[in-house]
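Before any comments, here is the structure.
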Amino acid sequence: MLGVFAIRALAVLPLIAATGVEAQQAHPMIENLPSLAGALDSTGLSGTVLVYDLRRNRYEAVHPEFAAALRIPASTFKIANSLIALDAGVVQ
């Protein structure tokens with residue numbers, strides 16, 4: 001039997017999957033967020049950090065050009081699926 005967490009997580013997964021498309025359609029402008037760029041760049045990895053500011057109703061990103069490109073959530077689902085499996089008792 002699925003636990004309460006698993007049911008809530010299943011309801012959130014479509015929102016996670018749609019976030020990239022929604023962000024680009026509803027908010028075509030993603031502002032630069034230079035305050036986190038040093039931390040991300042120091043890792044030697046390529047990527048972005050995308051933050052939604054509720055108070056200002058806008059998206060901010062480290063490397064906004066990377067954030068604006070549509071990509072699948074990929075590893076995001078591994079986290080949710082792992083938590084669902086733990087909650088359901090499928091794995092220990």
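No lab work stands behind these numbers, since they all come straight from the coordinates. Since this is a predicted model, take the numbers as computed values, not measurements. Neighbour counts run over all protein chains shown; Cβ positions are idealised from the backbone, glycine included.
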Exercise. With each pseudo-label sitting 7 Å past Cα toward Cβ, what's the R56-L70 distance in nm, one decimal?
Worked result: 2.7 nm
For this session: List the residues whose amide H sits under 5 Å from the amide H of N32, counting only those 5 or more places along or on another chain, with H placed 1.01 Å from N in the peptide plane.
Result: A61
Problem set entry | Charged-residue dipole, Cβ positions (Lys, Arg, Asp, Glu), the stretch 23-87 about Cα centre, Debye nearest 20 | 120 debye
Problem set entry | Residue-by-residue Karplus 3J(HN,Hα) for the stretch 31-46, coefficients 6.51, -1.76, 1.60, Hz, glycine and proline x | 7, 6, 10, x, 5, 9, 4, x, 5, 6, 5, 5, 6, x, 9, 9
Exercise. Which ³J(HN,Hα) values, rounded to whole Hz and listed in residue order, are derived for the stretch 70-75 from phi using the Karplus coefficients 6.51, -1.76 and 1.60 in 6.51 cos²θ - 1.76 cosθ + 1.60 with θ = phi - 60°, glycine and proline given as x?
Worked result: 6, 9, 6, x, 6, 5
